[in-house]
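Novice: If you scroll down you'll find the structure; I have some questions about it.
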Amino acid sequence: MKMGTALIYDEEMTKYKLLWVDPVCKIEVPERLIVSYEALVKSGLADRCVSIPVREATDAEILLAHSEEYLEAVKKTPFMHLEELMTFTQKYGDVYFHPNIYHCAKLAVGATLQLVDNVMTGKVRNGMALVRPPGHHSQSSAANGFCVFNNVAIAAQYAKKHHKAKRVLIVDWDVHHGQGVQYCFEDDPSVLYFSWHRYEHQSFWPNLKESDFDSVGSGKGAGFNVNVPWNKVGMGNSDYLAVFFHVLLPVAYEFSPDLVFICAGFDSAIGDPEGHMSATPDIFAHLTHLLMNLADGKVCAVLEGGYNLTSLAQSVCQTVQTLLGDPAPRPAQLGGACESALESIHSARSIHKKYWSCLQHAAAPFPEEPSSKNRRPAQQGGSQGPEGDAGGDAQREEEKVEEKEEEEIVWPEPLRRVAPSLRSALLLPDAVECPDGCARFSPAHGPGPLERARLRKSYLKESEDEASVTLLYNLTALLGQMEKNEIRNGLALVPDVSMAATLLTSASLSKRVLLVWMGEGPVPSQIIEDEKTLVVHINSMEPHEAQSKYYIPIPLKKGCGDTAGVMQAVLGLLLPLGYQYEPGLVLLARLPGYQVEGGLWQQLTCLLQGLALGHTLVLLQENETAPVGITASCLLGNAALSLGPLVAPGPEDVGSFERLRLRLQTDWPLLQTTAPEKRRNKMDC
Ligand code: Q9C
Ligand code: ZN
């Protein structure tokens, strides 16, 4: 298994700046890169990464996404004087040139290609390139939005050409639409481009019709461009996660990329003067985590925007720390997505239902609303100043007001993420070999006489079997050390999964336990009745009505062999429920005889580790030792195996998932995929 996280940075890319007055461009400063890198150094994260040198991209590489005329034009800029630079700049929108920017732009592309080379050849698992200038707005023959060359678009072409990548996913979480990337791959089905972006019905820059949800790609590329426009500012953690669960992840898993790029702009974080969103920096830990099991873990994050230096530096650290494998912070207090976000989610899902079988049961599109669609951008109104050209007193006034407002935005610094010194502990019968890199769990001391008696009485029908008493004792001891954050996760082979689960849920000190129950056997009633356990039962036999808010049976008619169906349930139901519930512990119990594809089991094990600070305890039936190796691998932090492109899940099952979602979404708003007052008359399942 390839491990390690690359960090690619060079101070040289801080060595250009705006040389004249331009209120639009003044936020794109060298300090963006300096503070990001310094924060990584200060927190000790930089030291834990594999540092890889940058290089200049060659002409041939730049030409993978740009025209010769444009490249030749940019090549002249190092020799231009101030006046000439200003004139050249005016040919493009919201960008500036400097005598050193061509050099830096070649380094930014080269840094991204270095990252791709190291990830694709397995020298590292994943990585981040900290670059300036950014790339996602630049187009074949145009600089735009602070971007000169399209770093990620070039790198995606490069990965296809030089590393035989067949399918590339680009996730653009920058707050602006990366129209340059969209144009580059418009008709290309081998590159799936996803972007969310501040849009406000086309009144926000770059004010393009083609940034709306109905630009899905063209020709063979139809369906491979996914836009989620934000029509309001202030989008937060729940909105971002809801889009991941209900739009991006299902489509991404169905697509099954060989490589994932993140256009990692952090102007989508709180405090940013461009984005005006309210998602906190720690959300990027989760967004990153949720992408890290695609493409066998091959994730290349490349910096784009981000203009609040505090928010930017914190968000970069969250992203890199997650790439390194540290546990993600607990995402606190998630609600559902707001109404406007739900409208965007609904629109994206319904326009894409004909391209992606995971969305086939999404609701029909909303009827056209003259109030929102087809509206030309207003006179650049809203909270933003006039776009485009510099100058104007009115604009300066507005800017002053804006600056004042921005100073008031404060948020708590993300908590330090401490990884327990022991990553994984295994409780295995002596005869079962311990996989490489794992430790057998051994408690500091054995059970005292009282503890012995209690375990025998409660769980062993007074049996004198020493081995059973010891095993149960060890289980609770392992749980105890996990809950003290001394051990991150664990795996136990037990003679009776139901009994072990009962013991652990009752012994847990966590206020909330998430129990994921895989297989057809019944969940012990003691667990269902207790107040602190949310049970999600995948592959329950009967689609019975949930009696309790805390027991959620997800039936699978087609059976557990339906990888696409189970994955759909995991992404669209289990994860939103888990994130909303905020468990302190996740128990993953696999009943005897439950047959499931290894890769799918790994995906489940890996994805659940985003919850509860990574405190996952897996229970397997003692004599079913086959999954031990693949489970341990995931607990140790290796990426889950890719599932390959998914086929359509069983239509009956998808239908029943949707009905379940409808029933549960009042209690669990993170399950919502459509706006409340439009919900009534639109479900078609
Ligand atoms: N107030 C990147 O984030 N100006 N580029 C927009 C709207 C251009 C952003 C003006 C913003 C470009 C990489
Ligand atoms: Zn941006």
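Novice: One residue is enough: does the stretch 491-502 have a residue meeting the conditions within 28 Å of W601 (Cβ to Cβ) and assigned to a loop (DSSP other than H, G, I, E, B)?
Specialist: Yes: one or more hits.
Novice: Filtering the stretch 167-200 down to residues that are part of a helix (DSSP H, G or I) and of a type in the set (S, T, N, Q), which residue is farthest from ligand 2 (Cβ to nearest atom)?
Specialist: Of the residues in the stretch 167-200, the ones part of a helix (DSSP H, G or I) are 179-185.
From the residues that got through so far, the ones that are of a type in the set (S, T, N, Q) too are 179, 182.
Numbers: Q179: 11, Q182: 14 Å.
Among those residues, the one meeting the criterion is Q182.
Novice: Inspect the stretch 542-549 for any residue being touching a Ser or Thr at 6+ places or on another chain (Cβ under 6 Å) and buried (at least 20 other Cβ atoms within 10 Å of the Cβ) and give the result as yes or no.
Specialist: no
Novice: If we keep just the residues of the stretch 257-276 that are within 22 Å of Q182 (Cβ to Cβ) and open to solvent by 10 Å² or more (accessible area, probe 1.4 Å), which is farthest from ligand 1 (Cβ to nearest atom)?
Specialist: D258
Novice: Give all pairs with beta carbons closer than 7 Å in which a residue from the stretch 197-211 that is over 12 Å from V175 (Cβ atoms) and in contact (Cβ under 8 Å) with a residue 12 or more places away in the chain meets a residue that is within 11 Å of ligand 1 (Cβ to nearest atom) and of a type in the set (A, V, I, L, M, F, W, C); count only pairs at least 6 apart in sequence or on separate chains.
Specialist: Within 7 Å, no pair qualifies.
Novice: For the stretch 70-80, check the following and say yes or no: at least one residue is touching a residue at least 40 places away in the same chain (Cβ under 8 Å), more than 16 Å from ligand 1 (Cβ to nearest atom), crowded, with 24+ Cβ neighbours inside 10 Å and in the same structural domain as P257 (by TED's automatic domain parsing).
Specialist: There is no residue in the stretch 70-80 that is touching a residue at least 40 places away in the same chain (Cβ under 8 Å), more than 16 Å from ligand 1 (Cβ to nearest atom), crowded, with 24+ Cβ neighbours inside 10 Å and in the same structural domain as P257 (by TED's automatic domain parsing).
Novice: Quick check on the stretch 118-131. Is at least one of its residues within 16 Å of ligand 1 (Cβ to nearest atom) and hydroxyl-bearing (S, T, Y)?
Specialist: No: zero hits.
Novice: Could you please let me know if V535 is open to solvent by less than 50 Å² (accessible area, probe 1.4 Å), over 25 Å from R330 (Cβ atoms) and either under 31 Å from the mean Cα position of the chain (by Cα) or assigned by TED's automatic domain parsing to the domain that holds L571 (or both)?
Specialist: no
Novice: Let me ask you something else. Please work out which residue is farthest from H176 (Cα to Cα), limiting yourself to the stretch 298-312 and to residues that are more than 16 Å from ligand 2 (Cβ to nearest atom) and either at pLDDT below 95 or surrounded by 24 or more Cβ atoms within 10 Å (Cβ to Cβ) (or both).
Specialist: K298
Novice: I'd like the full set of residues that are open to solvent by less than 10 Å² (accessible area, probe 1.4 Å) and away from ligand 2 (no atom under 15 Å from the Cβ), limited to the stretch 138-152.
Specialist: F149
Novice: Here is a further query. If you scan the stretch 293-312, which residues turn out to be within 16 Å of ligand 1 (Cβ to nearest atom) and over 15 Å from the mean Cα position of the chain (by Cα)?
Specialist: Result: L303, E304, G305, G306, Y307, N308, L309, S311, L312.
Novice: Additional query: Can you go through L324, L290 and tell me which one is within 13 Å of the chain's Cα centre (by Cα), of a type in the set (A, V, I, L, M) and more than 16 Å from ligand 1 (Cβ to nearest atom)?
Specialist: L290
Novice: Something else now. I'm trying to understand the selection: among the residues of the stretch 446-490, which are at pLDDT 90 or above, exposed (fewer than 12 other Cβ atoms within 10 Å of the Cβ) and in a helix (DSSP H, G or I)?
Specialist: Result: P449, L450, K457.
Novice: Assuming A640 fulfils every condition listed in (1) within 30 Å of P429 (Cα to Cα); (2) more than 23 Å from the chain's Cα centre (by Cα) apart from one, which condition is it?
Specialist: Going through the list (1) within 30 Å of P429 (Cα to Cα); (2) more than 23 Å from the chain's Cα centre (by Cα), A640 breaks only (2).
Novice: A follow-up question, please. A362 is checked against (1) in a loop (DSSP other than H, G, I, E, B); (2) open to solvent by less than 10 Å² (accessible area, probe 1.4 Å); (3) within 16 Å of ligand 2 (Cβ to nearest atom) and fails just one. What number does that condition carry?
Specialist: With (1) in a loop (DSSP other than H, G, I, E, B); (2) open to solvent by less than 10 Å² (accessible area, probe 1.4 Å); (3) within 16 Å of ligand 2 (Cβ to nearest atom) applied to A362, the lone miss is (3).
Novice: Turning to a different aspect of this structure: Looking at the stretch 81-115 only, could you name the residues that are of a type in the set (A, V, I, L, M, F, W, C) and either within 16 Å of ligand 2 (Cβ to nearest atom) or open to solvent by 50 Å² or more (accessible area, probe 1.4 Å) (or both)?
Specialist: Listed by number, the residues that qualify are L82, M86, V95, A108.
Novice: Every residue in the stretch 344-353 that is over 21 Å from the mean Cα position of the chain (by Cα) and either closer than 13 Å to N231 by Cα or touching a residue at least 12 places away in the same chain (Cβ under 8 Å) (or both), please.
Specialist: At the first step, the residues of the stretch 344-353 found to be over 21 Å from the mean Cα position of the chain (by Cα) are 350-351, 353.
Answer for the stretch 344-353, where residues must be over 21 Å from the mean Cα position of the chain (by Cα) and either closer than 13 Å to N231 by Cα or touching a residue at least 12 places away in the same chain (Cβ under 8 Å) (or both): S350, I351.
Novice: So, L192, is that one in contact (Cβ under 8 Å) with a residue 40 or more places away in the chain and within 25 Å of I283 (Cβ to Cβ) or not? Don't jump to the end; show me each part of the working.
Specialist: Details: in contact (Cβ under 8 Å) with a residue 40 or more places away in the chain: yes; within 25 Å of I283 (Cβ to Cβ): yes.
So L192 passes the test.
Novice: Shifting gears a bit: Can you give me the ranges of the helices (runs of 4 or more DSSP H) entirely in the stretch 9-97 with at least 1 residues that are among the basic types (K, R)?
Specialist: Of the helices (runs of 4 or more DSSP H) lying wholly inside the stretch 9-97, those with at least 1 residues that are among the basic types (K, R) span 31-42, 45-48, 68-75.
Novice: Looking at (1) within 15 Å of ligand 2 (Cβ to nearest atom); (2) in contact with an Asp or Glu (Cβ under 9 Å, 6 or more places away or on another chain), which one does I270 not meet, given that it meets all the others?
Specialist: The one condition I270 does not meet is (2).
Novice: Could you tell me whether A295 is aliphatic (A, V, I, L, M), touching a strand residue (DSSP E or B) at 6+ places or on another chain (Cβ under 6 Å) and open to solvent by less than 10 Å² (accessible area, probe 1.4 Å)? Walk me through it before giving the result.
Specialist: Details: aliphatic (A, V, I, L, M): yes; touching a strand residue (DSSP E or B) at 6+ places or on another chain (Cβ under 6 Å): yes; open to solvent by less than 10 Å² (accessible area, probe 1.4 Å): yes.
When the stated conditions are applied, A295 passes them.
Novice: Could you list, in sequence order, the residues of the stretch 1-41 that are in contact (Cβ under 8 Å) with a residue 40 or more places away in the chain and basic (K, R)?
Specialist: Selection gives K2, K15, K17, R32.
Novice: I'm trying to understand the selection: among the residues of the stretch 504-517, which are surrounded by fewer than 22 Cβ atoms within 10 Å (Cβ to Cβ) and of a type in the set (A, V, I, L, M, F, W, C)?
Specialist: Those that are surrounded by fewer than 22 Cβ atoms within 10 Å (Cβ to Cβ) and of a type in the set (A, V, I, L, M, F, W, C): A507, L509.
Novice: Also, I was wondering about something else. Kindly evaluate V216 against the criterion of being within 16 Å of ligand 2 (Cβ to nearest atom), assigned by TED's automatic domain parsing to the domain that holds L259, surrounded by fewer than 24 Cβ atoms within 10 Å (Cβ to Cβ) and within 25 Å of I345 (Cα to Cα).
Specialist: The answer is no for V216.
Novice: Can we say V647 is surrounded by fewer than 19 Cβ atoms within 10 Å (Cβ to Cβ) and either outside any helix (DSSP H, G or I) or in contact with a Leu (Cβ under 7 Å, 6 or more places away or on another chain) (or both)? Steps first, answer last, please.
Specialist: Numbers: surrounded by fewer than 19 Cβ atoms within 10 Å (Cβ to Cβ): yes; either outside any helix (DSSP H, G or I) or in contact with a Leu (Cβ under 7 Å, 6 or more places away or on another chain) (or both): yes.
Judged against the criteria, V647 is a match.
Novice: Tally the residues that are farther than 19 Å from A252 by Cβ and either in a strand (DSSP E or B) or away from ligand 1 (no atom under 16 Å from the Cβ) (or both), restricting the search to the stretch 201-213.
Specialist: Residues in the stretch 201-213 being farther than 19 Å from A252 by Cβ and either in a strand (DSSP E or B) or away from ligand 1 (no atom under 16 Å from the Cβ) (or both): 3 in total.
The values are calculated or read from the model by the stated rules, or taken from the named source; none is laboratory data. Here the structure is a predicted model, which is why all the values come from computation and not from measurement. All Cβ positions, even for glycine, are placed from backbone atoms using ideal geometry, and neighbour counts span all protein chains on display. For the accessible areas, the whole protein counts, side chains as well, though only heavy atoms, and no ligand, DNA or RNA atoms are used. Shrake-Rupley method; radii C 1.70, N 1.55, O 1.52, S 1.80 Å.
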